[in-house]
1. What do you reckon, is F127 outside the structural domain of I265 (by TED's automatic domain parsing), touching a strand residue (DSSP E or B) at 6+ places or on another chain (Cβ under 8 Å), among the aromatic types (F, W, Y) and farther than 18 Å from F239 by Cβ?
2. Here are Y171, Y157: which of them is surrounded by 18 or more Cβ atoms within 10 Å (Cβ to Cβ), touching a strand residue (DSSP E or B) at 6+ places or on another chain (Cβ under 7 Å), in contact (Cβ under 8 Å) with a residue 24 or more places away in the chain and more than 23 Å from S83 (Cβ to Cβ)?
3. Within segment 133-155, is there a residue that is more than 15 Å from L116 (Cβ to Cβ), outside any loop (DSSP other than H, G, I, E, B) and of a type in the set (D, E, K, R)?
4. How many residues, within segment 39-68, are part of a helix (DSSP H, G or I), of a type outside the set (G, A, S) and either under 20 Å from the mean Cα position of the chain (by Cα) or at pLDDT below 95 (or both)?
5. Name the one entry in N91, N119, N107 that is surrounded by fewer than 18 Cβ atoms within 10 Å (Cβ to Cβ) and not aliphatic (A, V, I, L, M).
6. Say whether the condition of being modelled with pLDDT of 95 or more, surrounded by 16 or more Cβ atoms within 10 Å (Cβ to Cβ), within 15 Å of the chain's Cα centre (by Cα) and of a type in the set (S, T, Y) is met by at least one residue in segment 215-226.
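The values are calculated or read from the model by the stated rules, or taken from the named source; none is laboratory data. In this text, all values refer to a predicted model and were calculated from it rather than measured experimentally. Ideal geometry is used to build each Cβ from the backbone, glycine not excepted, and the neighbour counts take in all protein chains shown.
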Amino acid sequence: MNRRSLLLGAGAALALPVVARAQAAQITGAGASFPNPVYQKWAEAARGPTNIQLNYQSVGSGAGINQIRNRTVDFGATDAPLSAQQLTEANLLQFPTVMGSVVPIINVPGIENEQLRLNGEVLAEIFLGKITRWNDAKITALNPGVNLPALAIAPVYRADGSGTTFVFTSYLTAVSADWRGGPGSATSVRWPVGNGARGNEGVAGGVRNTRGGIGYVENAYATTNRLVTVQLRNKAGNFVRPTMDNFLAAASNADWSVPGFAANIIDQAGANSWPIVSPTFILLPTNPQDAARSAAVRRFFDWAFTNGDNLARELEYIPLPDATKTAIRQAWTRQFGA
């Protein structure tokens, strides 16, 4: 073999990785910030074994719903499930990926993580502007022996259309008649008091940087940023901490037989149930513009269902039951074929 042949052979060998990368399937998604940490972990871990490159933008559930309706991404992501009618009208298939929990976070000098106790009624009055100082009698009554300062409460909420807001306000609606008759539950509500921030990241930063701050985030953001969380009184009347065991206690009550897999896990019964747990959902077109990219989306989440549970648990998300994963795969087959 001459020198020129050797060089050509070496060049071809060097080109192989470039070709392999160029042939990787590219999929795009946008929406909920609630599951963003686990989607990014899955994307990193799945890239090698699936040859699928995921570009996921954490822009909030409202924006995710709009983008998939406009078909500017391959899938949308939302924590607020669409109704059967909405799914039909938009030609969308909805399925859950994991469950997560929403936790109140606070910045009160002298108060340590999980030291403060709150209940749903007090939380609602704080975000309604009826309770304005941390040493209010209703808060001190729940916290005997805790030295609470006469510090103004500074609520922080999501300014963007948000599934985390939907989950949090669904809880407030379930436990407070005043909230139910006022702002109610939605991805975006009219907040009576406080300051808005974009994304779970924005709320986490807003509370961390504000003395007297209180907000709500998906638990992974509280854990990774080492934010101060609280105990909540649950439906059984017990104060519970935001722990994986208590999230699992609530998740065990999920009923996945409802249309669109839209299980409601808010304020569930059980001595140890954390009261704010919810699934998060993917919206996939039933009439995809690109069948190959749609199939790649399903392959990605199929990989995640098979291989991603431990990564989810590391971030304190709750994997779906195996029976639910099987039902989702069956729904894919009914809609798209084998």
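1. It is false that F127 is outside the structural domain of I265 (by TED's automatic domain parsing), touching a strand residue (DSSP E or B) at 6+ places or on another chain (Cβ under 8 Å), among the aromatic types (F, W, Y) and farther than 18 Å from F239 by Cβ.
2. Only one candidate qualifies: Y157.
3. Within segment 133-155 (the criterion being more than 15 Å from L116 (Cβ to Cβ), outside any loop (DSSP other than H, G, I, E, B) and of a type in the set (D, E, K, R)), the answer is no, since none of the residues qualifies.
4. 9
5. N91
6. yes
Residue by residue, here is whether (1) assigned to a helix (DSSP H, G or I); (2) in the same structural domain as F168 (by TED's automatic domain parsing); (3) farther than 26 Å from A150 by Cβ holds:
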| residue | (1), (2), (3) |
| --- | --- |
| V203 | yes, yes, no |
| V207 | yes, yes, no |
| T210 | no, yes, no |
| I214 | no, yes, no |
| T223 | yes, yes, yes |
| R226 | no, yes, yes |
| L232 | no, yes, no |
| K235 | no, yes, yes |
